[in-house]
Amino acid sequence: MNINIHDTSLEARIQKQIQATGSGSVEEALIRLLDTQEEQDRWLLENRANINTKIRRGMEQLDRGEGIPEDQLEAHLARLKAESE
């Protein structure tokens, strides 16, 4: 299979990916990208029920008025990040 890329910005992104991953060729970079995407897709499929449960719980909390006010959200997220480090 031959692939022709006519979009210069896409070509630049692929070249950047080759350099970032140390790939030896376009083919190797594409294999890495596909492997990564397939792994993410598998993970999402395996965790879909858990993710949907958490989303539902969050929506229920918002419906009960338990959300974090927008003006406090950034500080709250910074605290959570600091706690996890």
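Here are the numbers:
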{"read-out": "Solvent-accessible area per residue for the chain (1.4 angstrom probe, square angstrom)", "value": "93"}
{"read-out": "Of all accessible heavy-atom area on segment 1-59, the percent that carbon and sulfur account for (1.4 Å)", "value": "53"}
{"read-out": "P(r) of segment 1-52 over all Cα-Cα pairs, binned every 5 Å from zero, in whole percent", "value": "4, 18, 19, 20, 14, 10, 10, 6, 0"}
{"read-out": "Rounded to 10°, Cα long-axis angle of helix 8-21 versus longest principal axis of the chain", "value": "80"}
{"read-out": "Two-site FRET efficiency, GLN40 against LEU62, from Cβ-Cβ distance with R₀ of 22 Å, rounded to 0.05", "value": "0.20"}
{"read-out": "For segment 16-85, the Rg and Dmax computed from alpha carbons only, in angstrom", "value": "19.1, 54"}
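The values are calculated or read from the model by the stated rules, or taken from the named source; none is laboratory data. Only a predicted model underlies this, so the values are computations on that prediction, with no experimental measurement involved. So basically every Cβ, Gly included, is an ideal-geometry build from the backbone, and we count neighbours across all protein chains shown. With ligands, DNA and RNA removed, areas are computed over all heavy atoms of the protein, side chains included. Shrake-Rupley method; radii C 1.70, N 1.55, O 1.52, S 1.80 Å.
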